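To keep things clear, I will list the structure first and then write my remarks on it.
A short reminder: the numbers here are calculations on the coordinates, not readings from a lab. Quantities reported herein were computed from a predicted structural model and do not represent experimental measurements. We place every Cβ from the backbone using ideal geometry, glycine too, and count neighbours over all the protein chains shown.
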Amino acid sequence: MPQHRYLPPLNAVRAFEAAARHGSFKDAAAELAVTHGAISRQVRLLEDWLGPPALFRRLNRRVVLTPAGTVLLGEFGPALDRVAAAVRQHKGRAGTASTTLLRVNALATFSLRWLLPRLTQFRESHPDIEVRLTTSNDPLDALPEPYDVVIRGGPDSFHGFVSRLLLSERRLPVCSPGLLRRMPLVQVADLERHTLLHVTSIPRLWHDWLTAAGSPGLVPAASLTLDHFYLSVQAAIDGLGVAMGPTALVADDLAAGRLVTPFPGVSLPARGYFAYLPRAQVANPASSAFCEWLEDVGRAID
C-alpha cells in the first residue's frame, strides 16, 4: 500500500512561506490578499501542528526566521514552486494557454488602498498573466530579489531601469461625513476644534498645508500620530479626526462617500507613482500589458 503523506495544512504553509520571504506578516497579507490577522493565525496553526521549535522570532514590526524556520523555508519554497509548475503543465495539456508569471513589488499603502481593490479587473482582462504581488517600501537597489515591475514614488532615476508614470497625486484634508456634520468645517480656522491625524513619515505635512492655507499658527484641539498613511485614512473614515489624504489613495472612499474634502481648493503637490522596469523587461509583453492597464486606470480617476 502507498505510504500515507503526513502533510501540514497547505494554507498555513502558504502563509508561512510568504511571511518568511517578506520578514513581515503585513506584507505577506498584502501578497495573499488576506488580513494581517489571518497570516498570524495560519502561522500559529502551522507552529502548533509542527510543535517546537518555533519558526519565527516576533519583533516589534517584523518577524525573523529561527534556524528551524530557515530549514523549512528552504524546503517549502521550492515545493510550492513545483506545485505551481505542475498546475501550469496540466493547463497546457488540457489545451489552456499557460500563464505568464509577472513579479510585481509595490509600496504597501499603495497596494492596500489602490492596487488590490482593482487587481481583479486586470485578472479578468488578462487571465493568461499571473500577478505575484509583494509589498515593500525598500528602495530598488535594496530589494532582495529581482522583479518584473517595481512601483515606487517618483520621478527617480535608477541605473538599469526605465520608468513610466502611473498615477499623479496631491494631498488635502479629508474626514468622515459624520464628523463634518457634528463639527462643521466652514473655514480653516474651524480646524481648531478638531483632532488632526498625522503620519510619522511626513511629520510636517499638516504644517505645510496650514501654511499654504494661510493659517500656519493654527493649534488643533488634539493631534494623533500614526505610522502609516493607510492607518490615518482609516482613522479618518472612523471619525477619529481629519487626515491629510493622498488623492489617489482616497479616491474610492471619496467616490463611495466614506470621506469628504472640506477644503478642496487647497492641496499640496506630492510625488507620483511610477512603474520601474528593468531594461531587459521593457519588451516583456506581460509587463507592458500590466503597466498600460495601470496607466489607463490612473487616467480614469485623475
Exercise. Want the number for W49 to D128: 0.36 nm per residue separation, take away the alpha-carbon distance, what's left?
Worked result: 24.9 nm
Seminar exercise, completed: Mean shadow area (nm²) of the C-alpha convex hull around the range 170-290 is 8.8
For this session: Return the label of the correct value of Cα Rg over 2.2 N^0.38 Å, as calculated from the structure shown, out of [x] 0.94; [y] 1.15; [z] 0.88.
Result: [y]
For this session: Multiply the residue separation of I202 and N137 by 0.36 nm, subtract the distance between their alpha-carbon atoms, and state the gained length in nm to one decimal.
Result: 22.0 nm
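Quickly rank 187-194, 6-13 as a protection proxy: mean count of other C-beta atoms within 10 Å, highest first.
Highest mean packing first, the order is 187-194, 6-13.
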Problem set entry | Spin-label model distance (nm) - V266 vs A221, 7 Å beyond Cα toward Cβ | 1.9
Exercise. Hey, what did the range 170-269 get for relative contact order, percent, Cα under 8 Å, at least 6 apart?
Worked result: 48
Exercise. Under the classification rounded if a/c is under 1.5, otherwise prolate if a/b is larger than b/c and oblate if not, where does the range 39-184 fall, given a ≥ b ≥ c as square roots of the Cα gyration tensor eigenvalues?
Worked result: oblate
For this session: Describe numerically, in nm with one decimal, the distance between label points set 7 Å from Cα along Cα→Cβ at E295 and at A212.
Result: 2.7
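How large is the helix-only mean residue ellipticity at 222 nm for the chain, computed as the sum of -39500 (n - 2.57) over DSSP H runs with n ≥ 4, divided by its residue count, in deg cm²/dmol to the nearest 500?
Theoretical 222 nm ellipticity from helices: -12500 deg cm²/dmol.
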Seminar exercise, completed: Between R193 and R5, Cβ-based FRET efficiency (R0 51 Å, step 0.05) works out to 0.20
